[in-house]
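The values are calculated or read from the model by the stated rules, or taken from the named source; none is laboratory data. Note that the structure is predicted; figures quoted are calculated from it, not measured. Note that each Cβ is placed from the backbone with ideal geometry, even for glycine, and that neighbours are counted across all protein chains shown.
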């Protein structure tokens with residue numbers, strides 16, 4: 001029952017209109033608002049910082065990419081329920097959803113920026129951040145009925161976020177890494193990296209999505225930076241830089257024609273060159289599962305610290321080097337391995353290949369289950 005109630009479903013509005021080319025659409029979600037101030041600093045309020053940075057980011061996109069359609073979940077100081085924020089994105093058939101927040105901690109020295117994808121939680125801190133953000137539903141009208149069965153304060157409720165890793169996870173992880181790099185480079189804040197956590201607002205959206213934590217409003221020095229015009233511009237520029245690189249890969253029209261999802265997928269499949277050990281090469285048509293742990297536009301050295309001591313392979317897609325750990329035609333085995341390394345790589349997810357070509361992971365899982373039943 002809980003799973004069914006929380007699943008986001010595509011509305012009729014998501015169907016592409018015949019003869020019309022849908023513009024690349026991005027939903028920007030400034031967290032909190034109205035009677036929900038979010039985290040509080042000594043003088044600054046999270047809701048105000050989130051909205052200011054969101055608007056600055058949108059202005060940068062409009063200036064460089066006027067063809068991009070931008071939709072806000074809020075443009076004023078009002079409270080918007082989490083379910084409504086997700087519905088806005090789903091009904092618009094958005095290509096991206098970016099939720100912008102500011103962090104807080106009881107530890108006043110905690111600092112740095114962080115970007116999240118959807119997941120069960122890659123660390124205690126990540127789980128705590130999601131619980132804090134999700135507790136806002138307790139102040140919403142009829143929350144018991146709308147989020148029936150989900151208790152944001154109970155760790156048991158968060159199991160669903162491990163079971164429901166969407167097919168947009170790969171692009172979400174890539175966007176998260178690009179945005180995180182942009183914020184670190186522009187804001188010069190401590191890099192807390194990319195993590196996963198069970199944010200309800202991400203769970204209910206059906207497109208690539210991330211949640212950004214700009215910095216710690218509970219840290220006095222960082223609060224000053226977050227509340228300043230200069231700091232907000234730098235953080236907005238960081239998010240913009242990440243978006244810009246993502247858009248050049250997946251959204252920017254070539255000439256006057258926007259690449260269709262199919263053409264992008266075909267190109268990616270053509271460019272994919274996964275490393276496969278020929279000595280253990282499975283039979284033709286048998287899926288091979290791997291765990292993708294990291295993606296970068298530059299090839300890493302074998303001992304690169306970002307691999308965290310793991311011996312990883314990689315495959316190339318376009319300009320991306322995508323690093324993987326483990327390899328097996330047994331999905332259950334690779335799933336166990338993913339759980340083992342989740343503490344090191346909370347954003348890790350499973351990818352699949354058939355005869356050296358990358359394929360839809362869910363389709364590969366279905367083939368595995370069908371073969372297992374024989």
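Numerical summary
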{"read-out": "Subset of segment 33-63 [buried (at least 24 other Cβ atoms within 10 Å of the Cβ) and under 19 Å from residue 239 (Cα atoms)]", "value": "46, 47, 49, 50, 53, 54, 57"}
{"read-out": "Test result for residue 54, modelled with pLDDT of 95 or more, within 21 Å of residue 208 (Cα to Cα), part of a helix (DSSP H, G or I) and within 18 Å of the chain's Cα centre (by Cα)", "value": "yes"}
{"read-out": "Test: residue 180 is modelled with pLDDT under 90 and closer than 27 Å to residue 319 by Cβ", "value": "no"}
{"read-out": "Output for segment 147-167, where each listed residue is at pLDDT 70 or above and buried (at least 19 other Cβ atoms within 10 Å of the Cβ)", "value": "147, 150"}
{"read-out": "Single condition residue 370 does not satisfy, out of (1) surrounded by fewer than 17 Cβ atoms within 10 Å (Cβ to Cβ); (2) within 24 Å of residue 310 (Cβ to Cβ); (3) more than 25 Å from the chain's Cα centre (by Cα)", "value": "(2)"}
{"read-out": "In segment 66-88, the residues that are free of Cβ contacts under 8 Å to residues at least 60 places away in the same chain, in a loop (DSSP other than H, G, I, E, B), within 22 Å of the chain's Cα centre (by Cα) and over 15 Å from residue 139 (Cα atoms)", "value": "73, 74"}
{"read-out": "Subset of segment 109-120 (residues that are out of contact with any helix residue (DSSP H, G or I) (no Cβ under 7 Å at 6 or more places or on another chain), part of a loop (DSSP other than H, G, I, E, B) and under 18 Å from residue 198 (Cα atoms))", "value": "none"}
{"read-out": "Conditions (1) at pLDDT 90 or above; (2) within 18 Å of residue 101 (Cβ to Cβ); number of the one not met by residue 207", "value": "(2)"}
{"read-out": "Filter result for residue 300 (free of Cβ contacts under 8 Å to residues at least 40 places away in the same chain, within 22 Å of residue 192 (Cα to Cα) and touching a helix residue (DSSP H, G or I) at 6+ places or on another chain (Cβ under 8 Å))", "value": "yes"}
{"read-out": "Single condition residue 264 does not satisfy, out of (1) touching a helix residue (DSSP H, G or I) at 6+ places or on another chain (Cβ under 7 Å); (2) under 19 Å from residue 169 (Cβ atoms); (3) in a helix (DSSP H, G or I); (4) modelled with pLDDT of 50 or more", "value": "(4)"}
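Conditions tested, residue by residue: (1) surrounded by fewer than 17 Cβ atoms within 10 Å (Cβ to Cβ); (2) at pLDDT 95 or above; (3) part of a loop (DSSP other than H, G, I, E, B).
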site	(1), (2), (3)
94	no, yes, yes
97	no, yes, no
101	no, yes, no
107	yes, no, yes
128	yes, no, no
141	yes, no, yes
145	yes, no, no
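Matching residues to (1) farther than 25 Å from residue 187 by Cβ; (2) more than 18 Å from the chain's Cα centre (by Cα); (3) in contact (Cβ under 8 Å) with a residue 24 or more places away in the chain:
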| residue | (1), (2), (3) |
| --- | --- |
| 61 | no, yes, yes |
| 96 | no, no, yes |
| 101 | no, no, yes |
| 104 | no, yes, yes |
| 114 | no, no, yes |
| 128 | no, no, no |
| 147 | yes, yes, yes |
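For every residue, the table says whether it meets (1) touching a strand residue (DSSP E or B) at 6+ places or on another chain (Cβ under 8 Å); (2) crowded, with 22+ Cβ neighbours inside 10 Å; (3) free of Cβ contacts under 8 Å to residues at least 60 places away in the same chain.
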| position | (1), (2), (3) |
| --- | --- |
| 184 | yes, no, no |
| 189 | yes, yes, no |
| 193 | yes, no, no |
| 197 | yes, yes, no |
| 209 | yes, yes, no |
| 222 | yes, yes, no |
| 227 | no, no, no |
| 235 | yes, yes, no |
| 252 | no, no, no |
